[in-house]
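So the structure is just underneath, and the comments pick up after that.
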Amino acid sequence: MRELFSEEKVSTADRISELLRDFSAEIKIQKVDLINESINWLSPIQQQQSGKSNFKNRFLVKTGNNILFKNIDEIAYFFAEDKIVYLVSVDAKQYIVDYRLEQLETLLNPHVFYRINRKFFIKIDAIQKVKQLSNNRLQLFLKPHFEQEIFISKDKVKEFKAWLDQ
């Protein structure tokens, strides 16, 4: 009887020891996950403070058989038409770029560029005038001029004004 009782103690102790090892391993995994989350959260803040960023400084553009690059300060806005995205330079020249507007959202500095609708990404410097319309929408006038009228929907007006006012 004593041996059986002793074996039960050992068996229980082994189980407890095994559970503690598993628990310890799980805690270590959770610590690593927490550290990784913290690094991912802090990374953009550190980049901003250090002056470095992952935003593009220039874009390759096609013109005929040639490939050129346009620096960010040369860009006025981007627009999409028939699934092609165009870069419009401050000197009113249009170039095709190999990006979708969705991709540009992660490549452009959100303090400088703003996606006003499904078709446009504009640079703050390209806004010539903003006109308040009676239906709580805004109309934008860009430089260089764009042939079609450009509107900010009433749903985005508040967000757009906050972007302008930063």
Notebook entry, point to check: When the Debye formula is applied to the Cα atoms of segment 58-164, each taken as the same point scatterer, what base-10 log of I(q)/I(0) results at q = 0.09, 0.16, 0.20 Å⁻¹?
Noted result: -0.22, -0.69, -1.06
Check: Please state the relative contact order of segment 58-164 as a whole percent: Cα pairs under 8 Å, 6+ residues apart?
Finding: 19
Note to self: Can you give the FRET efficiency to the nearest 0.05 for ASN135 and LEU164, using r as the Cβ-Cβ distance and R₀ = 22 Å?
What the structure shows: 0.65
Notebook entry, point to check: Do the alpha carbons of any pairs in LYS70/LYS129; LYS62/LYS123; LYS56/LYS129; LYS56/LYS93; LYS70/LYS154; LYS70/LYS161 sit beyond 30 Å of each other, and which pairs?
Noted result: LYS70/LYS154
Next item on the list: Using label points projected 7 Å from each Cα along Cα→Cβ, tell me how many nm separate GLU147 and LEU107, to one decimal.
Entry: 2.5
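Readers should treat all values here as calculations from the given coordinates under stated rules, not as data from a laboratory. For clarity, every value in this text was computed on a predicted model and none was experimentally measured. Glycine also receives a Cβ, built like all others from the backbone with ideal geometry; neighbour counts cover every protein chain displayed.
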